[in-house]
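**Q** Quick one: the structure is below, and I'll ask about it shortly.
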Amino acid sequence: MGSDPMLIAARDPPLQYFRLYFSPCVSPKTQLLPHICPQMVELLVDVAKTQSPESYVYTRLAAQHIGEIASVVISGLISFGRLPAREIARKCKLSSRSVQTALVSLIQLNCVSYWTEKGLSTVYYTLNPTGLKVLLHGGDVIVHIRDVYGDEEAEIVQNVIENGNVTVRNYMGLFADENTQFRRMELLVRLYADGWLRRLQPVDFQPIEDVWNRLFLETLANTPRSAAVSEVKRIAEVKLRAKVRLSELYALGNSNADVFTMDDGVKKLQPNITLAFNLGRYEKALRSRSYVELARSRVGILTAQIYKVCCSLVEQKSADLRHKFLQVSGLVATQDETRAFLEALESTLVENKLTVFTVHEVVRRLPDHLDLSNSITSRIFTKPGRVGGDSGTPSKKIKLENGSAFPLENGYGHEDIFLAPTPPKQVDAALVEEHLQLLANDAVPFLHKLRDGQYTIPFLQLSKAVKAYNYDAIVKTTMGVEAHRVFRCVKDQKLADDRTIAKLVLQKDGDVKSLLFDLIAGNFIQLQEIPRSADRAATKSVYLFRHEEAASYQYMKELLMFNIGQVLSNIDLFKLDHKILLEKCERDDVKGHEEELLLESELKTLMELQTREVSNIGRMNRVKWLYVLYGEL
Amino acid sequence: MDAAAILEQADKLYERMSEAPESKLFNQDELLALVEGSTLSDMMKLTQDLLNRKLMNLSMVGEEVRFQIVSVRESEKLQTMSKEEEMIYQHISASGREGIWLRILKSKVNLHDISMNRCLKSLENQRFIKLIRLVKYPTRKIYMLYNYLPSEEVTGGPWYTDSELDTEFIENIMTVVWRYISQKTYPAAFSDAQSNKNPLQCVHPANHNGYATLSLITDFISERKISLVELSENDIRSVCMALIYDDKIEEVKGAVDTYKATWQGVLDSGFGRQYKNENLLDENQKILTAKIEAERQFSIFDYSSVINEDVPPLDVVYMDAWVRD
């Protein structure tokens with residue numbers, strides 16, 4: 001495994017990186033420490049690298065988007081946890097002023113939260129990964145919005161991401177023309193209604209753990225002790241009430257009356273509200289993408305297209321990938337509790353019909369040119385041939401009174417009807433239902449049929465299946481098909497010894513042992529020792545193999561996160577190697593006149609650098625996609 | 001009863017006993033019933049005669065003595081053996097098609113190693129016994145009668161040739177079984193484009209019940225004489241399990257021993273890609289596939305269609321770098 005390069009090679013267009021996609025109305029952030037030396041960068045990278053994969057990626061992102069000082073601040077906050085600005089400066093050996101400047105940018109971009117204890121003046125800063133994740137996904141988000149909505153919507157989202165947040169009044173002030181203002185407001189309303197933008201409120205700048213603690217302590221103080229109620233029961237009650245208060249606090253100011261206003265019958269956003277990008281909404285889109293890809297791999301290309309529509313119908317109203325309660329440590333303590341909580345959440349959505357859709361809704365939303373005819377064998381009827389160039393199909397004839405056959409001209413026969421592109425609304429609902437049945441009856445629970453014509457997506461079960469199938473594919477692509485067979489056998493058997501596995505997979509004992517060793521080395525499977533003597537002698541022990549999903553997925557997540565960090569730092573490092581040339585290109589007198597002012601060799605190097613950067617960004621996006629499956633889903 | 005009469009009566013008894021299968025164990029009463037009018041003492045003389053001529057074996061079943069005939073050929077063999085050889089031979093013979101491990105044989109006959117080895121060598125040279133290798137424990141010396149075929153437990157079943165797992169044979173059978181199941185699952189994936197099948201996808205409905213069952217696959221394999229060794233349903237089941245582990249097939253929900261191929265398995269094997277052939281598509285399908293291709297993003301399930309780019313050594317990222325770096 002150690003010698004195999006990632007087999008995730010370039011195929012999809014490696015674009016999607018929001019720094020390459022600047023809009024002219026927003027100026028890029030200035031680097032806080034532009035003349036940092038390469039040695040210093042390498043040192044910073046090494047420190048962050050050894051800390052944790054998260055630290056590696058977050059510091060690189062902060063360095064690329066905000067500056068090296070912001071990167072050091074992020075690294076410090078990850079190392080030491082919650083700190084006041086003075087302490088950050090002391091621990092990171094930076095000046096207070098530069099730390100404060102960096103913190104302003106980081107808070108603006110939702111990368112850092114702040115908190116003040118009641119009655120104290122000290123402000124504590126905590127890392128907020130949400131903003132950094134938005135920076136990580138920035139390019140993909142913009143491409144996704146462009147594909148779903150259009151260029152203008154993509155530009156709005158890009159502006160919001162780049163600034164961290166945008167006040168409606170300020171944003172509308174950028175446009176002098178009334179028509180443009182009207183159009184932009186329309187787009188803003190649309191993006192808000194679809195969940196891509198959210199209202200930013202003061203509580204969003206505060207760490208949820210601290211918010212919860214304050215609410216809990218306040219509720220506890222307001223709940224008197226009673227001789228009739230035990231302390232355990234009292235705490236449980238307090239927890240319950242504090243949960244309700246927490247939900248209310250985050251829902252506050254988000255009602256339609258607080259956000260929208262009607263102006264001459266036109267729905268508009270209140271000018272005083274501040275908008276930020278809603279990462280949770282994009283995560284839902286990523287979840288849908290993973291489901292559709294699995295459907296394409298398990299059922300087929302046409303069914304996947306239908307399934308894509310099913311996902312889009314319930315995507316916005318489905319449960320968030322990370323509920324607020326799950327972000328507070330200890331609030332939902334065990335894995336079983338978490339599962340029960342999420343299941344309850346999902347069934348509530350189904351009961352309220354928020355994640356339920358009908359066949360007819362699917363039919364209405366099917367894309368144009370989706371031709372489902374002859375895709376299900378039970379619904380194939382004898383029709384004239386419609387495959388392009390099918391010259392063998394006999395032409396239709398009518399019998400004349402004199403007994404001779406007269407061929408029908410094109411335009412009168414049925415062939416013409418079938419050769420013309422099928423209008424989208426002519427899709428047979430029964431045929432669509434057949435495809436939905438395929439999804440509902442598949443080994444992977446893509447859909448759950450509620451009653452005739454009504455379906456829902458079992459998100460929890462399906463996310464589990466998505467992870468499992470992708471993990472299988474990772475094993476297959478990195479360890480080989482034979483290891484894949486052994487791995488799936490271990491999974492199926494739950495706990496088995498090497499001889500049993502060898503017998504089941506029909507492979508030689510020696511080969512299986514070596515494959516098991518490789519799989520253990522990659523942490524794909526785990527070893528369990530069954531001692532057979534009191535002294536637990538290794539020679540007498542039996543060793544069994546098992547696959548523990550949670551441990552393996554967590555490990556995979558860390559590996560992939562680290563890979564993202566590696567690609568990001570690779571980009572930084574090769575750019576640093578050509579720092580002089582790149583700075584030269586940034587000079588005002590050179591910009592736009594590169595071909596005249598640069599040597600041929602310099603132009604060639606620039607071209608190579610660009611290709612290398614694009615290729616690395618493509619690689620990062622592929623690794624990032626796998627990370628999303630294990631880190632976000 | 002004189003010696004000639006005993007001989008005659010003993011032959012008669014042997015003949016009557018031979019009418020039953022050779023493995024049958026007779027008790028005393030059954031023997032008495034075979035020779036009319038004989039007394040217990042007569043019967044003792046007859047059995048003693050047969051025992052002397054090595055035409056009969058004695059064995060104990062519980063508290064009771066049982067009698068079993070030995071074939072004439074076998075008895076001739078035994079007569080040529082020494083006492084030790086005979087003892088060893090009897091034990092090996094009793095082990096049947098399973099064979100007997102040398103260590104157990106030694107503990108049973110309790111002979112010195114030298115005479116033990118000499119006897120075994122002599123029996124082997126006369127082709128009365130043979131040494132076989134157990135698939136489970138290849139280092140163990142197992143002895144068995146020369147004319148016996150080792151049991152499946154010993155040989156490992158049809159998947160073993162000369163005590164070695166025949167991976168090539170297994171792979172071939174797996175390919176045939178997979179192809180059979182796939183053709184029953186995806187009617188259009190393996191044939192040329194047909195006008196009544198959608199080149200993008202053509203599958204059976206959810207309630208289809210014509211998928212490949214275990215008995216259908218077994219019959220197909222035996223009818224087509226694909227294997228020289230006879231394969232039972234259990235053997236085919238183990239092939240199907242290996243195919244399930246390969247994610248090439250899966251069990252049909254709600255049906256026993258019924259299998260269908262996975263679409264990913266079909267794609268991995270290079271089939272089911274008619275949608276990439278523009279000549280087979282009509283205008284609508286061309287537009288749709290172009291749209292799908294344009295929106296296509298990275299998926300690890302598409303790995304078989306990915307071309308590995310030439311990565312500069314410094315840009316190579318290893319998946320396990322976090323633990324190895």
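The values are calculated or read from the model by the stated rules, or taken from the named source; none is laboratory data. This structure is a prediction, so every number in the text was calculated from the model and none was measured. Positions of Cβ are generated from backbone atoms using ideal geometry, with glycine treated the same way; all protein chains shown enter the neighbour counts.
**Q** I need the full set of residues from the stretch A:429-442 which are more than 28 Å from the chain's Cα centre (by Cα) and either hydrophobic (A, V, I, L, M, F, W, C) or outside the structural domain of A:Cys311 (by TED's automatic domain parsing) (or both), in order please.
**A** Result: A:Ala429, A:Ala430, A:Leu431, A:Val432.
**Q** Just wondering, is there one or more residues in the stretch A:75-82 that are surrounded by 22 or more Cβ atoms within 10 Å (Cβ to Cβ), within 30 Å of A:Arg184 (Cα to Cα) and in contact with a Cys (Cβ under 6 Å, 6 or more places away or on another chain)?
**A** no
**Q** Take the stretch A:449-483 and flag every residue that is closer than 15 Å to A:Val356 by Cβ and either surrounded by fewer than 17 Cβ atoms within 10 Å (Cβ to Cβ) or more than 14 Å from every other protein chain (Cβ to nearest Cβ) (or both).
**A** Listed by number, the residues that qualify are A:Lys449, A:Leu450, A:Arg451, A:Asp452, A:Gly453, A:Gln454, A:Thr456, A:Ile457, A:Pro458, A:Phe459.
Per-residue answers, yes or no, for (1) at pLDDT below 95; (2) part of a helix (DSSP H, G or I):
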site	(1), (2)
A:Asn254	yes, no
A:Ala257	yes, yes
A:Lys284	no, yes
A:Ser290	no, yes
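**Q** Residue check, A:Ala236 against (1) among the hydrophobic types (A, V, I, L, M, F, W, C); (2) touching a residue at least 24 places away in the same chain (Cβ under 8 Å); (3) over 24 Å from A:Leu460 (Cβ atoms), all met but one. Which one?
**A** (2)
**Q** Mind checking which residues of the stretch B:177-188 are more than 10 Å from chain A (Cβ to nearest Cβ) and buried (at least 17 other Cβ atoms within 10 Å of the Cβ)?
**A** Passing the criteria: B:Val177, B:Trp178, B:Tyr180, B:Ile181, B:Ser182, B:Lys184, B:Thr185.
**Q** Looking only at helices (runs of 4 or more DSSP H) that fall completely inside the stretch A:132-220, which ones have 2 or more residues that are among the β-branched types (Val, Ile, Thr)?
**A** Passing ranges, in order: A:151-163, A:178-193.
**Q** Sticking with this structure for a sec: Give the residues of the stretch A:486-541 that are part of a helix (DSSP H, G or I), under 20 Å from B:Leu165 (Cβ atoms) and among the basic types (Lys, Arg), sorted by residue number.
**A** Answer for the stretch A:486-541, where residues must be part of a helix (DSSP H, G or I), under 20 Å from B:Leu165 (Cβ atoms) and among the basic types (Lys, Arg): A:Arg488, A:Arg499, A:Lys503, A:Lys513.
**Q** Can we say A:Glu433 is over 30 Å from B:Met319 (Cα atoms) and within 11 Å of another protein chain (Cβ to nearest Cβ)?
**A** Criteria met by A:Glu433.
**Q** For the stretch A:97-132, enumerate the residues that are of a type outside the set (A, V, I, L, M) and surrounded by 21 or more Cβ atoms within 10 Å (Cβ to Cβ).
**A** If the condition is that a residue be of a type outside the set (A, V, I, L, M) and surrounded by 21 or more Cβ atoms within 10 Å (Cβ to Cβ), then A:Ser105, A:Asn110, A:Cys111, A:Ser113, A:Tyr125, A:Asn128, A:Gly131 are the ones that fit.
**Q** Scan the stretch B:255-291 for residues that are facing chain A (nearest Cβ under 7 Å) and of a type in the set (A, V, I, L, M, F, W, C) and jot them down.
**A** Passing the criteria: B:Trp263, B:Leu280, B:Leu281, B:Ile287, B:Leu288.
**Q** Just to be sure before I move on: is B:Tyr303 within 7 Å of another protein chain (Cβ to nearest Cβ), closer than 30 Å to A:Pro53 by Cβ and touching a Gly at 6+ places or on another chain (Cβ under 8 Å) in the structure I sent?
**A** No; evaluated as a whole, the condition is false for this residue.
**Q** Let me ask you something else. Residues being more than 17 Å from A:Thr180 (Cβ to Cβ) and either surrounded by fewer than 21 Cβ atoms within 10 Å (Cβ to Cβ) or without any contact (Cβ under 8 Å) to a residue 60 or more places away in the chain (or both): count how many of those fall in the stretch A:150-159.
**A** Total meeting the criteria: 0.
**Q** Further question: Residues that are within 11 Å of chain B (Cβ to nearest Cβ), at least 3 per element: which helices (runs of 4 or more DSSP H) completely within the stretch A:542-616 meet that?
**A** Passing ranges, in order: A:549-577.
**Q** I'd like the full set of residues that are more than 30 Å from A:Val363 (Cβ to Cβ), among the basic types (Lys, Arg) and in a helix (DSSP H, G or I), limited to the stretch A:259-282.
**A** Matches in the stretch A:259-282: none.
**Q** Take A:Val73 and tell me if it is assigned to a helix (DSSP H, G or I), in contact with a strand residue (DSSP E or B) (Cβ under 7 Å, 6 or more places away or on another chain) and hydrophobic (A, V, I, L, M, F, W, C).
**A** No: the conditions fail for A:Val73.
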